[in-house]
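Engineer: Okay, handing you the structure first.
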Amino acid sequence: MFGRRKDVVYKVLATKKRAVALQHLSAELETPAPAVLKTVRELESDGLVEVFYGRDKAAIMVRAKTLEDYI
């Protein structure tokens, strides 16, 4: 079941084709931010997403890496 959650989060991010605030992603998925952050961290360690930390407190942006990034 956990692998399925990773797939859902990645597909949502890949569909957006831009960076998304973690808070907006959490609201869209109707999932608490800490759970989404944990999943995003695992996707980051798999090399599937990029995580950007803003200057503001709790400003975390996430973007899916796609084939266009490598071409």
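The values are calculated or read from the model by the stated rules, or taken from the named source; none is laboratory data. Bear in mind that the values here come from a model prediction, so they are computed numbers and not experimental data. FYI the Cβ positions are ideal-geometry reconstructions off the backbone, even for glycines, and counts take in every protein chain you see.
Engineer: Can you say whether residue 40 is of a type in the set (A, V, I, L, M, F, W, C), crowded, with 16+ Cβ neighbours inside 10 Å and at pLDDT 90 or above, as far as the supplied structure shows? Working first, answer last.
Structural biologist: Values: of a type in the set (A, V, I, L, M, F, W, C): yes; crowded, with 16+ Cβ neighbours inside 10 Å: yes; at pLDDT 90 or above: yes.
Yes.
Engineer: Okay, moving on. Considering only segment 38-55, state which residues are in a helix (DSSP H, G or I) and free of Cβ contacts under 8 Å to residues at least 24 places away in the same chain.
Structural biologist: First, pick out the residues of segment 38-55 that are in a helix (DSSP H, G or I): 38-45.
Within segment 38-55, 38, 41, 44, 45 meet the criteria.
Engineer: Considering only segment 20-37, state which residues are small (Gly, Ala, Ser) and surrounded by 14 or more Cβ atoms within 10 Å (Cβ to Cβ). I'd like the intermediate steps shown before the answer.
Structural biologist: Initial filter on segment 20-37 (small (Gly, Ala, Ser)): 21, 26-27, 33, 35.
Selection gives 21, 26, 33.
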